[in-house]
Amino acid sequence: VFSLTANRLLSKQIAENLKLPVGKVVVSTFSDGETSITLDESVRGADVFLIQSTCAPVNDHLMELLLLIDAAKRASAGRITAVIPYFGYARQARRARPRDPISARLVADLLTAAGAGRILTMDLHAPQIEGFFGIPVDHLTGAPLLARYFHQYQAEHPGDYVVVAPDLGAVTRARDFAARLDCPLAVVDKRRQQANVCEVVNIVGDVKDKYVLMVDDMIDTAGTLCNAAAAVLEKGGATRVIAAATHGVLSGPALERIEASPIKELILLDTVPYPAGKPMLGKIRYLSVAPLFAEAIERIYEEVSISSLFD
């Protein structure tokens, strides 16, 4: 098990769950910005797992991963699995306009060409990205971890909770989450009637006097989440909003928006580290994905089914 620079703490926790040391790899940068990778131990014939989220700085972390895959391949590794808890470029999985690239497909091709034999990831923003790879992809989901955490809230106020999708793109995930918790589902529907005119927000479903669990796969700048939280309170008449997401990208003004929002608590999985140099917000809490990834890695190594982990 080798770690690159994006997820050192998570990699260490995964290795501890596997009762293995983290492999020796040296990552450095030349004065002109080029990345240098040195694999500092033998991997000949070994089953190698390389752990790296392609989060900010996305291009640097992606390049590190590609170089380490190539280094392991040239060192005669038996099999190379790229463990990518957060898969960057996943939002660019289709052409939004003519002459746009399909960046997620290009990243998939690069990983395969570098020598990866398998991909292990979690909650791809666009599930069709699995089909971009010509190699096996094990696609874990964070919903069971988050649902297990939220069961405690249900015990305090049984029957008072409703799961809310903050936009139409999150409906499928929110529906699955609501089924796990046996809760009703509501959706925040936003539309812009004309250019430069404020969006009209409708709440599809009943959230009046309810405790809202707002669920999405990722939180980037947090604009959609915070606006939806305000809408369910002001227009829907909800009592309290708690939010959850698998990937806390938290870029740009995200932390300031979350702090100023009516969200009481935000639960994230640690697929992406908290922004460096920023004070931790009191309303944010992280749950570890290390045990789940460690179990998946062990099952891949032992060549046994990991499909039960998807649930």
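Structure notes:
- Only one of the listed residues (Thr271, Thr246) is in contact with a Gly (Cβ under 6 Å, 6 or more places away or on another chain), of a type in the set (S, T, N, Q) and under 30 Å from Ile135 (Cα atoms). That residue is Thr246.
- The lone criterion from (1) touching a residue at least 60 places away in the same chain (Cβ under 8 Å); (2) assigned to a helix (DSSP H, G or I); (3) not β-branched (Val, Ile, Thr) left unmet by Asp138 is number (2).
- Against the numbered list (1) open to solvent by less than 40 Å² (accessible area, probe 1.4 Å); (2) within 19 Å of Arg148 (Cβ to Cβ), Pro291 comes up short only at (1).
- Scan of the stretch 76-96 for residues that are in contact with a strand residue (DSSP E or B) (Cβ under 7 Å, 6 or more places away or on another chain) and either in contact (Cβ under 8 Å) with a residue 60 or more places away in the chain or not in a strand (DSSP E or B) (or both), ordered by number: Ser76, Gly78, Thr81, Val83, Pro85, Tyr86, Phe87
- Checking Leu66, Leu39, Leu4 one by one, the residue that is out of contact with any strand residue (DSSP E or B) (no Cβ under 8 Å at 6 or more places or on another chain), of a type outside the set (Lys, Arg), touching a residue at least 12 places away in the same chain (Cβ under 8 Å) and farther than 21 Å from Ile219 by Cα is Leu66 and no other.
- In the stretch 106-135, the qualifying residues are those that are in a loop (DSSP other than H, G, I, E, B) and open to solvent by 60 Å² or more (accessible area, probe 1.4 Å), and the one that is farthest from Tyr301 (Cα to Cα) is His125.
- Which listed residue, of Ser76, Ser103, Ser53, is open to solvent by 30 Å² or more (accessible area, probe 1.4 Å) and hydroxyl-bearing (Ser, Thr, Tyr): Ser76
The values are calculated or read from the model by the stated rules, or taken from the named source; none is laboratory data. Note that the structure is a prediction, hence the values are computed from the model and not measured. Quick reminder, even Gly has a Cβ in these numbers, built from the backbone with ideal geometry, and neighbours come from all protein chains shown. For accessibility, only protein heavy atoms count, side chains too; no ligands or nucleic acids. Shrake-Rupley method; radii C 1.70, N 1.55, O 1.52, S 1.80 Å.
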